[in-house]
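Colleague: Just dropping this structure here.
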Amino acid sequence: MTTVVASAGLAVNERVEIRRNRITGKSSKTPSGKRVCIVTGTHGDELEGQYVCAETARILNENLSQLNGTVDIYPAINPLGIDSITRGIPLFDLDMNRIFPGTSEGTMAESLAMDIISDISGADICIDIHSSNIYLKEIPQIRINEITADELIPYAKMLNCDFIWIHSSATVLESTLAFSLNTTGTKTLVVEMGVGMRITKEYCRQLTAGIFNMLKNLGMWESTVYKGLHRVGI
Ligand SMILES: [Zn+2]
């Protein structure tokens, strides 16, 4: 079910709307009560996450009886950016990933950021998918702030990526979606892969397999459908 979780009026009789696609499983087993969030489209010129969201939703919807719990997909946190393939919020040239956790007292973008955080908060795990820029192709990797490394590494290993990069605590990271969620108790992993403005399908399939591997490890996925996607060593 698609729901608008944050919205604001624009200058000329239009609205910016951030949507969540909630997929609830129909497993016959005791409900796990677990919820996983997949977030992308924070930077509108990073498109790999679009493919991962579409593919994940497709597999889940075709196998709802295998899903025990809820998967919330947020394909376009910066919908104006995605629509125009612009990294920031168009016209403002504002990096959406530098305004979290947001505030209801601030600008339109800060208000949207606050509503996004409040909707994701409380999930068992959140995966925030990014791409590289147009000049650089990066292998699928997880980026973790060293402050949260101990609790996140076990989950990062499930995601079928080639590399886990633990950052030192840089001030600039503190205004990101992932930092805001992690410091308020919602475990969030940042994935970076591919090239800006392109979709590297093999990387997308590799991460999608990792997402289903994680769901399986969380007790939310009873099928082995994902194993055909791309090498998962389990
Ligand atoms: Zn990004």
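Colleague: Only one of these is crowded, with 19+ Cβ neighbours inside 10 Å and within 16 Å of the ligand (Cβ to nearest atom): I85, I99, I125, I73. Name it. Give the steps one after another, and end with the answer.
Modeller: On the way: I85 fails: crowded, with 19+ Cβ neighbours inside 10 Å; I125 fails: within 16 Å of the ligand (Cβ to nearest atom); I73 fails: within 16 Å of the ligand (Cβ to nearest atom).
After applying the criteria, what remains is I99.
Colleague: Just checking, how many residues over the stretch 161-209 are closer than 19 Å to E46 by Cβ and away from the ligand (no atom under 16 Å from the Cβ)?
Modeller: Final tally of qualifying residues: 7.
Colleague: Under the condition of being at pLDDT below 95 and over 22 Å from N78 (Cβ atoms), which residue from the stretch 128-149 is surrounded by the most Cβ atoms within 10 Å (Cβ to Cβ)?
Modeller: Checked the stretch 128-149; the qualifying residue surrounded by the most Cβ atoms within 10 Å (Cβ to Cβ) is I144.
Colleague: Shifting gears a bit: Select from the stretch 6-58 the residues that are within 16 Å of the ligand (Cβ to nearest atom) and either among the charged types (D, E, K, R) or surrounded by fewer than 19 Cβ atoms within 10 Å (Cβ to Cβ) (or both) and list them in ascending order.
Modeller: D45, E46, E48, Q50
Colleague: Right, here's the next one. Pick out the one residue from N78, N63, N97, N21 that is touching a strand residue (DSSP E or B) at 6+ places or on another chain (Cβ under 9 Å) and over 18 Å from I120 (Cα atoms). Full working, then the answer.
Modeller: Details: N78 fails: over 18 Å from I120 (Cα atoms); N97 fails: over 18 Å from I120 (Cα atoms); N21 fails: over 18 Å from I120 (Cα atoms).
Step by step, each of N78, N63, N97, N21 is checked, and only N63 is touching a strand residue (DSSP E or B) at 6+ places or on another chain (Cβ under 9 Å) and over 18 Å from I120 (Cα atoms).
Colleague: Filter the stretch 128-153 for residues that are of a type in the set (G, A, S) and within 16 Å of the ligand (Cβ to nearest atom) and give the result.
Modeller: Step one: filter the stretch 128-153 for residues of a type in the set (G, A, S), giving 131-132, 149.
Passing the criteria: S131, S132.
Colleague: So, one more: Can you name the number of the only condition in (1) closer than 16 Å to E17 by Cα; (2) part of a loop (DSSP other than H, G, I, E, B) that I82 fails?
Modeller: The one condition I82 does not meet is (2).
Colleague: Now for a separate question. In this structure, does S65 turn out to be part of a helix (DSSP H, G or I), surrounded by fewer than 18 Cβ atoms within 10 Å (Cβ to Cβ) and hydroxyl-bearing (S, T, Y)?
Modeller: Judged against the criteria, S65 is a match.
Colleague: Kindly provide the set of residues from the stretch 150-165 that are surrounded by fewer than 17 Cβ atoms within 10 Å (Cβ to Cβ) and touching a strand residue (DSSP E or B) at 6+ places or on another chain (Cβ under 6 Å), ordered by number.
Modeller: Keep residues of the stretch 150-165 that are surrounded by fewer than 17 Cβ atoms within 10 Å (Cβ to Cβ), which gives 150-151, 153-154, 157, 162-165.
Residues satisfying the conditions are D162, F163, I164, W165.
Colleague: Hey, another quick one. So S104 fits all but one of (1) modelled with pLDDT under 95; (2) within 15 Å of the ligand (Cβ to nearest atom); (3) among the small types (G, A, S); what number is the exception?
Modeller: Unmet for S104, out of (1) modelled with pLDDT under 95; (2) within 15 Å of the ligand (Cβ to nearest atom); (3) among the small types (G, A, S): (2).
The values are calculated or read from the model by the stated rules, or taken from the named source; none is laboratory data. The structure presented is a predicted model; accordingly, all values stated were derived computationally and were not measured. Positions of Cβ are backbone-derived with ideal geometry, glycine not excepted, and every protein chain shown enters the neighbour counts.
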